[in-house]
1. Run Ala160 past the list (1) out of contact with any Gly (no Cβ under 7 Å at 6 or more places or on another chain); (2) among the hydrophobic types (A, V, I, L, M, F, W, C); (3) modelled with pLDDT of 95 or more and report the number of the one that doesn't hold.
2. Is it true that Lys94 is part of a loop (DSSP other than H, G, I, E, B) and at negative phi?
3. Out of Asp113, Asp121, which single residue is surrounded by 17 or more Cβ atoms within 10 Å (Cβ to Cβ), within 24 Å of Arg57 (Cα to Cα) and of a type in the set (Asp, Glu)?
4. Go through (1) in a helix (DSSP H, G or I); (2) within 21 Å of Gly50 (Cβ to Cβ) and name the single condition Gln123 misses.
5. Identify all residues within the stretch 80-110 that are loosely packed, with under 13 Cβ neighbours inside 10 Å and either among the aromatic types (Phe, Trp, Tyr) or closer than 21 Å to Leu52 by Cβ (or both); write none if there are none.
Amino acid sequence: MENKKERKPERITTTRNSYSGYAIEVVRKGKPTQKVAIESAEDVVAFVGGELRLKDREHLLSIHLNVRMQVIGVETVSIGSVDTTIVHPREVFKGAILNGAYSIVLVHNHPSDIPEPSNADVQVTQELIAAGRLLRLPVQGHIIIGGENYLSMAEKGILAF
């Protein structure tokens, strides 16, 4: 019998360089004055977790990154129901291509507050990774936020990116 590692969700911490501040700056000035770098799942959660954990329906975001792994855009790709959302590769990559992104990071919430990925989450992510390879616009990770916790599919070894 295999000895499986227990996948424990991580806790969310927020920073001043959060998505809400970034979005307000983009609206006011047309572009942010500070570049937010994404180097880990913790950075993603600090950036968008404060907003997503409060949503009562699933939201899938695509964070567009430049070659230096700095945020150049954030797009809400899909808003679903309390336990599902519809995702199509065309919708995920369209905004990133138009924005000139080098790569993307996916992040979505689970309103149930349980950040464990469903089979559908894993399958859709596999399809998006394959589409990203074809487009040469790689998916750098997929993070699920559930309440105060989060899970990175890459860091937990669920998927290889």
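1. (3)
2. Values: part of a loop (DSSP other than H, G, I, E, B): no; at negative phi: yes.
So Lys94 fails the test.
3. Values: Asp113 fails: surrounded by 17 or more Cβ atoms within 10 Å (Cβ to Cβ).
Result: Asp121 is the single residue among Asp113, Asp121 that is surrounded by 17 or more Cβ atoms within 10 Å (Cβ to Cβ), within 24 Å of Arg57 (Cα to Cα) and of a type in the set (Asp, Glu).
4. (2)
5. Ser81, Val82, Asp83
The values are calculated or read from the model by the stated rules, or taken from the named source; none is laboratory data. These numbers were taken from a predicted model, which means no experiment stands behind them. In this analysis, Cβ positions are derived from the backbone assuming ideal geometry, glycine residues included, and neighbour counts consider all displayed protein chains.
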